[in-house]
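Engineer: Got a structure for you, questions after.
Throughout, read-outs are computed from the coordinates displayed, never taken from laboratory work. Source: prediction; values computed, not measured. FYI the Cβ positions are ideal-geometry reconstructions off the backbone, even for glycines, and counts take in every protein chain you see.
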Amino acid sequence: MKTKIKIVGCAIAGLIFLLVALFDGFDSATSAGTGSGGQIVTVALGEYGTVGGDKYRTWYNGSADGEAWCATFISWCAEQCGLIDSGIIPKFEGCNWGITWFNDRGLFTYTSNYGGSYYTPQVGDIIFFTDSYSKRNSSHVGLVQYVEGDYVITIEGNTSNLVHDRSYFLSDPYILGYATPLYPIADFTGNDNAEIAWNYFISMGCNEYAAAGILGNLEQESGIVPTMAQAGGSGRGIAQWTFGESRWNGLLDYAEQQGKDWTSLEVQLQFIWYELSGGDSTTASILNRNYGGITGLKNAKSIEWAVEAFEKSFERAGTPNMSARIEYANYYYNLFSNGGAAA
């Protein structure tokens with residue numbers, strides 16, 4: 001199933017855009033092998049309406065230098081998802097250089113207007129444009145949200161000096177071609193909830209310390225039972241989202257977008273990744289400030305470090321009982337890892 005949305009104004013872009021984009025990405029993980037395509041689009045949509053590129057240029061080279069920032073914006077989004085450190089997307093500021101990088105790896109398709117074969121773009125593809133209608137000169141770049149009929153819908157930086165969505169005919173000669181990054185494929189296999197969760201977080205790029213740290217937290221919160229309701233309290237699901245609060249309502253909206261119940265384990269795992277990737281601003285802020293962002297979490301230094309990073313940024317429990325979380329994390333590390341017992 002492919003969920004689609006119409007282009008709407010900035011006033012209602014927020015959560016609806018984010019949830020649909022994320023769902024499209026994970027739907028593609030099943031049908032087209034682009035498990036994190038939705039993640040980078042989600043991050044990009046979180047910047048919707050941003051005026052000017054100072055934020056992205058300062059990140060790129062240390063100063064708001066006024067240079068063109070469409071490619072810098074793509075690079076910034078990729079960095080938030082850990083896709084630069086993993087070598088899936090390069091850090092680049094020149095469109096032609098970006099095309100060369102992907103083309104050298106067999107990951108670029110020109111449109112039929114420029115000698116390529118017909119290709120239906122997928123969520124998370126990087127779309128390159130040419131205002132001179134020349135195969136040798138790309139002038140702009142964005143991200144594919146989805147395709148609807150004869151149109152491709154994008155999210156772009158530096159379009160009228162904004163982060164904004166655009167719509168183009170697939171046959172538009174302004175479109176030069178598409179880069180197709182090798183995003184990881186979401187893995188939901190396993191014999192029980194814990195193994196499914198382990199395989200999922202590993203497939204999203206987490207190392208074994210990180211996966212163990214997350215599972216240790218989820219075991220402490222719920223026993224990794226998606227239907228779990230806190231006895232005498234308001235926690236719900238594997239992460240014990242607080243009933244009635246904004247993060248809980250976000251989970252309900254996300255599940256509805258997929259046509260699934262909130263009690264689905266897959267839905268809850270995907271929603272955790274969405275929140276870690278910027279869907280929950282407080283989680284992202286703490287993770288970025290104290291733990292190196294999602295890239296830092298993916299490359300956790302130890303089990304104990306991963307347990308703390310996830311608890312302090314994501315769970316933020318009133319009485320965390322860290323020793324129990326660490327004990328559970330070590331248990332799952334010893335159960336599922338290839339490395340054997342944790343040191």
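Engineer: Please tell me the relative contact order of the stretch 226-282 in percent, rounded to the nearest whole number, where contacts are Cα pairs under 8 Å and at least six residues apart.
Structural biologist: 23
Engineer: Ok, one more. Beta carbons within 10 angstrom, averaged per residue: use that to sort the peptides 328-336, 124-132, 315-323, highest first.
Structural biologist: 124-132, 328-336, 315-323
Engineer: Going by how many other Cβ atoms sit within 10 Å of their own, how do Thr109, Thr180 line up, fewest first?
Structural biologist: Thr109, Thr180
Engineer: Between helix 95-104 and the chain, what is the angle of the helix's C-alpha long axis to the longest principal axis, kept within 0 to 90° and rounded to the nearest 10?
Structural biologist: Helix 95-104 and the main axis of the chain meet at about 70 degrees.
Engineer: Using Cα pairs under 8 angstrom and six or more residues apart, how large is the relative contact order of the chain, in percent?
Structural biologist: Values: 649 pairs, mean separation 55.8, N = 343.
Relative contact order for the chain comes out at 16 percent.
Engineer: Moving on to the next point. With a point put 7 Å past each Cα toward its Cβ, work out how far Asp172 is from Ile286 in nm, to one decimal.
Structural biologist: Roughly 4.1 nm, to one decimal.
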